[in-house]
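Taking it in order: structure first as structure tokens, then the write-up.
The values are calculated or read from the model by the stated rules, or taken from the named source; none is laboratory data. Just so you know, these numbers come straight off a predicted model, no measurement behind them. Cβ sites come from the backbone with ideal geometry, for glycine too, and all protein chains shown count toward neighbours. Heads up: the accessible areas ignore ligands, DNA and RNA and are worked out on the full protein's heavy atoms, side chains in. Shrake-Rupley method; radii C 1.70, N 1.55, O 1.52, S 1.80 Å.
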Amino acid sequence: MDISIVIPLYNEEESLPELAAWIGRVMDQHNWTFETIFVDDGSSDSSWAVVQALSEKYSWVRGISFRRNYGKSAALNEGFKATQGDVVMTMDADLQDSPEEIPELYRLIKEEKYDLISGYKKKRYDPLSKTIPTRLFNWTTRRMSGINNLHDFNCGLKSYKSEVVKNIEVYGEMHRYIPVLAKWAGFKKIGELVVHHQPRKYGVTKFGFERFINGFLDLLTITFVSKFGKRPMHFFGTAGTLSFFIGMIFTLILFIEKFVNLHNPHARDIVNKPMFYLALTAIVIGIQLFLAGFLGELTSRSATDRNFYHVKERI
């Protein structure tokens, strides 16, 4: 199969028939073999009934329905598991992503040999309350991930080699960081395509301001887990050793001062000096960080995937 399209949705009953018809027209022009997987994330409207009707009308429509709302990451992860195409694409169900972009997204993966192509909605039709935080979010992600050629990490319109989506796990709200997940899994050829952003035609956005706070916390999580998930002692042990060493230096300075002023009746006692408490705090924090690293190592070594690594090829 040439292409699998994964479309997560939540309360998008109005847009689904139009989106499916649009995808069908684009695909028919190129004679590709394809499937479209609609993942209903616990919609409270009749979205799933619409997907069922579409599956009867079009042989290439598949569907997955959650019992409740788990979030976009869960929908994408289940959709990725079900894909059969050589190239996997994702798009939102609200008609703000254009299926007309599919041919170029496919070409860049198949002909230019990219591992992942992320859409870039250079001209957006969102309010400033959404675009300004989005720009800050993307700038921070570029700095922390090292993927400097992407301007829009959170664009729902993306294409992948099949092996990319089969080697990453999307959970929590990590869908914003799929390029980062792909990079840490060893897929380095990541590119960008400027795509058209269409105004929302039906319904309202399903995301609030809290997604930016959650997104930043998820970025810290993925950065830490990717770098130190299998060796937590390298992070906590280093920080703990440094803190403990600083505390010991302060302590040594205090002992030297105590020795020098041993016969000075007017000298302040070391327990009355701020440095004493700084030294004590640094030593305690150092010990705690070291113990955290040690416990992390024990947990990591007992994990079932402690020796799981992404293998590109076997002969």
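Using the structure shown, decide if Glu78 is out of contact with any helix residue (DSSP H, G or I) (no Cβ under 9 Å at 6 or more places or on another chain) and closer than 26 Å to Val195 by Cα. I'd like the intermediate steps shown before the answer.
Numbers: out of contact with any helix residue (DSSP H, G or I) (no Cβ under 9 Å at 6 or more places or on another chain): yes; closer than 26 Å to Val195 by Cα: yes.
When the stated conditions are applied, Glu78 passes them.
Residue pairs whose Cβ atoms lie under 7 Å apart, sitting 6 or more positions apart in sequence or on different chains, and linking a residue in region 32-51 that is under 23 Å from Glu173 (Cβ atoms) to a partner that is open to solvent by 50 Å² or more (accessible area, probe 1.4 Å) and in a helix (DSSP H, G or I), are Val39/Glu78; Asp40/Trp48.
For region 56-71, state whether one or more residues are closer than 19 Å to Tyr171 by Cα and aliphatic (A, V, I, L, M).
Within region 56-71, the first condition is being closer than 19 Å to Tyr171 by Cα, and the residues that meet it are 64-71.
Pick out the ones that are also aliphatic (A, V, I, L, M) and you get 64.
Within region 56-71 (the criterion being closer than 19 Å to Tyr171 by Cα and aliphatic (A, V, I, L, M)), the answer is yes, since at least one residue qualifies.
Here's the yes/no breakdown for (1) aromatic (Phe, Trp, Tyr); (2) buried (at least 19 other Cβ atoms within 10 Å of the Cβ); (3) closer than 22 Å to Asp94 by Cβ:
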| residue | (1), (2), (3) |
| --- | --- |
| Asn148 | no, no, no |
| Gly156 | no, yes, yes |
| Lys161 | no, yes, no |
| Pro179 | no, yes, yes |
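Check whether at least one residue in region 111-133 is more than 16 Å from the chain's Cα centre (by Cα), closer than 25 Å to Asp28 by Cα and assigned to a helix (DSSP H, G or I), and report yes or no. Checked region 111-133: no residue is more than 16 Å from the chain's Cα centre (by Cα), closer than 25 Å to Asp28 by Cα and assigned to a helix (DSSP H, G or I). Those helices (runs of 4 or more DSSP H) of region 207-311 in which 1 or more residues are modelled with pLDDT of 90 or more and more than 30 Å from Ile147 (Cβ to Cβ) occupy 232-260, 274-302.
List the helices (runs of 4 or more DSSP H) that sit entirely inside region 1-103 and contain at least 2 residues that are open to solvent by 30 Å² or more (accessible area, probe 1.4 Å) and more than 25 Å from Glu163 (Cβ to Cβ). Spell out how you get there, then give the answer.
Working: elements: 16-30, 47-57, 72-82.
Ranges flagged: 16-30, 47-57.
Among the residues of region 93-118, the one identified as farther than 21 Å from Trp184 by Cβ and touching a Cys at 6+ places or on another chain (Cβ under 9 Å) is Asp97. Name the pairs: first residue in region 156-168 and under 11 Å from Ala182 (Cα atoms), second residue charged (D, E, K, R), Cβ to Cβ under 8 Å, at least 6 apart or on different chains? Taking only residues 6 or more apart or on different chains, the pairs are Tyr160/Asp115; Lys161/Asp86; Lys161/Asp115; Val164/Asp115.
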